[in-house]
Amino acid sequence: MKDELDLVGAIIRPPSEAESILLQVSLGCSHNKCAFCGAYRSKRFTIKPQNTVFEDIEFAAACCTRQRRVFLCDGDALILPQARLLPILDRIRERLPWVTRVAAYANAKSLGRKTDAELAELTAHGLGMVYMGLESGDDKTLARMGKAGDVALHVAQGRRAKAAGLKVSVTVILGLAGPERSGEHARLTGETLTAMDPDQAAALSLMLVPGTPLYAEWEEGRFTPPTAVQSLRELRGMIAATNLTRGLFLCNHASNYLPMKVRLPRDKEAALAQIDAALAGEVALTPEWLRRL
């Protein structure tokens, strides 16, 4: 769709939005300082002109009648002021009446800029789901990676989004703490997910991206990425420490060594047993060449 829609630069979206209409309402990320992330290094954060967004919705109305979901790009579409977001949501509802869900990335900063009433208003106008990048429940790891906001802020904003009626999906990164804090990263991330109690949690494995500060640290010998075994042990510790009221824990990202879909709390023990089997060599892992993103 890149040639038809007015998309600018590389578009990043969650795995579960693979079949969605990708509607770019902003460029880049308003923070864009995370040491591990290279997704938006080439883009200066910009809000796209409203008329361009509306033109893209018109194209979708004519050519995307099979897609049932819309994903608002880029990195933190929710940073848009309410006066820009609400007309977009209303136009989607008007021109794409077959769409059943609108979703977007939302960081703790962008959620914190919205009042409770504004979050509820977004829900009422059709926003159904937000994806939050927690990355780690370890404050030391978040600080080292240049992440905006600490664990307490992420927990508070995730719970506010859920209270407003939004489905919340939280992303975490295996290996982000390096081998030195792997155990703390796993345990604290599980405990943080428990405190947030999202509808969905998704773990991906760290992939070093050229041009990022973390890649430079690796080149200089100051950061060690995880091995497959270390990644699995971290995943096990994370799931063991995660207790959701009712939700999914996904490991379906292309970077993961062991694809899993775990419904918590029902499948927890089975998931731990599957990881143990993988660690014992009884379950095949995704080969490295298939993890090259």
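We did not get these values from a lab; they are worked out from the coordinates using the rules stated. As the structure is a computational prediction, the values presented were derived from the model and not from experiment. Here the Cβ positions follow ideal geometry from the backbone for every residue, glycine too, while neighbour counts run over all protein chains shown.
Relative contact order for the stretch 208-293 using alpha-carbon pairs under 8 Å, separation at least 6, rounded to a whole percent? Can you show the working numbers first?
On the way: 80 pairs, mean separation 20.4, N = 86.
The normalised contact order for the stretch 208-293 reaches 24 percent.
Strictly greater than 21 Å: what percent of every Cα pair in the stretch 141-293 meets that?
Details: 5242 of 11628 pairs.
The answer is 45 percent, as a whole percent.
Check the cysteines of the chain one by one and keep only those with no other cysteine Cβ under 4.7 Å from their own.
Cys29, Cys63, Cys64, Cys73, Cys251, each lacking another Cys Cβ under 4.7 Å.
If you stretched the chain out fully between Ala124 and Ala143, how much longer would it get, using 0.36 nm times the residue separation minus the C-alpha to C-alpha distance? Present the calculation step by step, with values, prior to reporting the outcome.
Details: separation 19, 0.36 × 19 = 6.84 nm, distance 3.51 nm.
Residue separation times 0.36 nm, minus the Cα-Cα distance, leaves 3.3 nm.
Taking every pair of distinct Cα atoms and averaging 1/r, then inverting, what Kirkwood hydrodynamic radius in Å comes out for the stretch 211-270?
Values: mean 1/r = 0.0745 Å⁻¹.
That comes to 13.4 Å for the stretch 211-270.
Compute for the stretch 3-85: radius of gyration divided by Kirkwood radius, i.e. Rg/Rh, restricted to C-alpha atoms, rounded to two decimals. Write out the running numbers ahead of the final one.
Details: Rg = 12.9 Å, Rh = 13.4 Å.
Value, to two decimals: 0.96.
Do the sum for the chain: with -39,500 (n - 2.57) for every DSSP H run of n ≥ 4, divided by all residues, what is the mean residue ellipticity at 222 nm, to the nearest 500 deg cm²/dmol?
Values: 10 runs with 108 residues, N = 293.
So the helix-based figure for the chain works out to -11000 deg cm²/dmol.
Let me see the pair-distance distribution of the stretch 44-146: every alpha carbon pair, 5 Å bin width, integer percents in order.
2, 11, 21, 23, 18, 11, 7, 4, 2, 0
Can you give the local net charge around Ser231? Use residues other than it whose beta-carbon is closer than 13 angstrom to its beta-carbon, Lys and Arg +1, Asp and Glu -1.
After counting each charged neighbour, the total is +1.
Please compute the modelled spin-label separation between Ala152 and Arg68, points set 7 Å along Cα→Cβ, answer in nm with one decimal.
4.3
Compute for the stretch 15-282: radius of gyration divided by Kirkwood radius, i.e. Rg/Rh, restricted to C-alpha atoms, rounded to two decimals. Let's see the in-between values first.
Working: Rg = 18.8 Å, Rh = 19.2 Å.
So for the stretch 15-282, dividing Rg by the Kirkwood Rh gives 0.98.
Using the structure shown, list the pairs from Lys48/Lys261; Lys140/Lys268; Lys33/Lys268 with a Cα-Cα distance above 31 Å, or answer none. Could the numbers behind the result be given before it?
On the way: Lys48/Lys261 36 Å; Lys140/Lys268 28 Å; Lys33/Lys268 35 Å.
Correct reply: Lys48/Lys261; Lys33/Lys268.
Which distance in nm do the two modelled labels at Ala273 and Phe54 give, with both placed 7 Å along the Cα-to-Cβ direction?
It works out to 5.8 nm between the two label points.
Could you tell me the distance between the Cα centroids of the stretch 89-134 and the stretch 63-84, to the nearest Å?
That distance is 8 Å.
How far apart, in nm, are two points set 7 Å out from the Cα along the Cα-to-Cβ line at Glu288 and at Arg84?
With each label point 7 Å from Cα toward Cβ, the separation is 4.3 nm.
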